[in-house]
1. Would you mention how many residues in region 120-153 are of a type outside the set (Val, Ile, Thr), surrounded by fewer than 18 Cβ atoms within 10 Å (Cβ to Cβ) and farther than 22 Å from Ser181 by Cα?
2. Just the residues that are in contact with a Ser or Thr (Cβ under 7 Å, 6 or more places away or on another chain) and within 20 Å of Ile352 (Cα to Cα), please, taken from region 193-206.
3. Against the definition (surrounded by 16 or more Cβ atoms within 10 Å (Cβ to Cβ), of a type in the set (Gly, Ala, Ser) and either within 26 Å of Tyr242 (Cβ to Cβ) or touching a strand residue (DSSP E or B) at 6+ places or on another chain (Cβ under 7 Å) (or both)), how does Gly283 come out, yes or no?
4. Select from region 77-99 the residues that are part of a strand (DSSP E or B) and crowded, with 16+ Cβ neighbours inside 10 Å and list them in ascending order.
5. Taking region 214-225, which residues are surrounded by fewer than 24 Cβ atoms within 10 Å (Cβ to Cβ) and either touching a Ser or Thr at 6+ places or on another chain (Cβ under 8 Å) or without any contact (Cβ under 8 Å) to a residue 12 or more places away in the chain (or both)?
6. Considering each of Ala58, Ala65 in turn, give the residue that is hydrophobic (A, V, I, L, M, F, W, C), surrounded by 19 or more Cβ atoms within 10 Å (Cβ to Cβ), over 23 Å from Ser297 (Cα atoms) and in contact with a helix residue (DSSP H, G or I) (Cβ under 7 Å, 6 or more places away or on another chain).
7. Mind checking which residues of region 297-324 are over 20 Å from Thr226 (Cα atoms) and small (Gly, Ala, Ser)?
Amino acid sequence: MNHLKQIAARLPEYGIDAMLLTSEPGEFYAVGFHGEGVVVVTAGECFYFTDSRYIEAANHLITGASISMTDRSRNYRAMVQEVVDRCGVKRMGFEEEYLSVASYQIWKEGVTPELVPAQKLVNGLRAAKDQEEIELMVKAQEITDRAFREILTFIQPGMTEQEIAAKLQYDMLRFGAMRMSFDPIVASGPNGSKPHAIPGPRKIQRGEFVTMDFGCVYGGYCSDMTRTVAIGEPTEEMKKVYHIVLEAQLAGIAAARAGVPGKSIDAAARKVIEEAGYGEYFGHGYGHSVGIEIHESPNANTRDESLMPVGAAVSAEPGIYLPGKFGVRIEDVTILTENGCIDITQSPKELIIL
């Protein structure tokens with residue numbers, strides 16, 4: 001899997017002769033390979049440069065690009081300059097969101113073309129997932145859903161948040177994940193009011209909520225889901241808040257489709273929570289794009305006016321967080337279409353009481 005042709009086709013739109021990709025996500029999107037290297041895409045040819053640690057795997061896995069290895073006499077900049085001279089590159093795009101100031105200065109001094117910020121070229125392509133990308137995300141989500149089914153049979157009062165987080169990670173790896181999308185969040189009782197709580201030694205008690213936010217990587221693409229479950233019978237307030245969050249998520253999913261700005265999707269979900277009187281307890285956005293990275297663009301929040309493309313993979317994760325008491329978040333990943341969206345998360349969303 002690679003996207004070299006798609007990148008090459010957009011070079012004229014950005015007024016550049018070549019695109020330089022130096023980040024790990026950019027490299028993987030371009031050539032479909034997890035290594036450490038540099039990609040150069042021109043209108044007519046594509047090049048991949050790496051070192052001795054990855055050259056054998058690169059030669060085996062990468063198609064559509066000329067592959068070369070660095071050595072003591074030729075570093076990445078020298079190899080890129082050879083392409084510049086060969087292809088007559090005058091203006092070369094680069095990934096300004098990933099390149100540090102120090103690295104930019106090294107590249108600026110090491111190659112002759114004008115370096116042009118062109119992150120939007122790659123971000124625009126990555127925002128709209130193709131069928132192969134979607135299939136990988138569906139597989140990643142299937143693994144994550146399966147881990148959720150397993151954890152429901154595992155959780156017991158007296159277990160720590162750390163034990164649950166460890167079990168989730170073990171099962172996702174056991175079921176075929178490459179790695180985690182991010183460090184899992186497991187937050188019980190009053191810790192649930194912290195949206196990004198770190199699993200700790202706190203023991204779960206009966207009558208509490210446990211919020212679990214987790215995901216894995218399969219084939220280079222991420223899954224992301226959150227479920228909040230009750231350990232023993234919840235209070236009426238807990239049930240009320242849970243159902244408000246669920247209603248808000250369903251409203252956001254109903255509003256999600258290609259061609260609308262992310263802020264309008266957020267507004268549909270946020271309206272439900274605000275009208276229920278809990279607006280001040282929903283501080284983050286409704287969702288973010290997911291793909292090679294767990295957080296991509298465009299986003300579905302109160303500020304993002306970008307129009308969602310067909311194929312955008314957007315999380316649906318409203319929440320209510322009551323300090324010192326509990327929190328509730330429910331999260332799925334949706335694939336946007338012209339007429340709506342497809343929810344690829346299959347785990348149940350009704351309140352589960354263990």
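The values are calculated or read from the model by the stated rules, or taken from the named source; none is laboratory data. The structure presented is a predicted model; accordingly, all values stated were derived computationally and were not measured. Don't worry about glycine lacking a Cβ; one is built from the backbone with ideal geometry, like all the others, and counts go over all protein chains shown. Only protein heavy atoms, including side chains, enter the accessible area calculation; ligands, DNA and RNA are left aside. Shrake-Rupley method; radii C 1.70, N 1.55, O 1.52, S 1.80 Å.
1. Residues that pass the stated criteria total 1.
2. Hits for region 193-206 are Lys203, Ile204.
3. no
4. Result: Met92, Gly93, Phe94.
5. Val217
6. Criteria check complete, one pass: Ala65.
7. Ser306, Gly311, Gly324
Per-residue answers, yes or no, for (1) open to solvent by less than 40 Å² (accessible area, probe 1.4 Å); (2) small (Gly, Ala, Ser); (3) in contact with a Phe, Trp or Tyr (Cβ under 8 Å, 6 or more places away or on another chain); (4) in a loop (DSSP other than H, G, I, E, B):
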{"site": "Gly277", "(1), (2), (3), (4)": "no, yes, no, yes"}
{"site": "Thr302", "(1), (2), (3), (4)": "no, no, no, yes"}
{"site": "Glu305", "(1), (2), (3), (4)": "no, no, no, yes"}
{"site": "Gly311", "(1), (2), (3), (4)": "yes, yes, no, yes"}
{"site": "Gln346", "(1), (2), (3), (4)": "no, no, no, yes"}
{"site": "Leu351", "(1), (2), (3), (4)": "yes, no, yes, yes"}
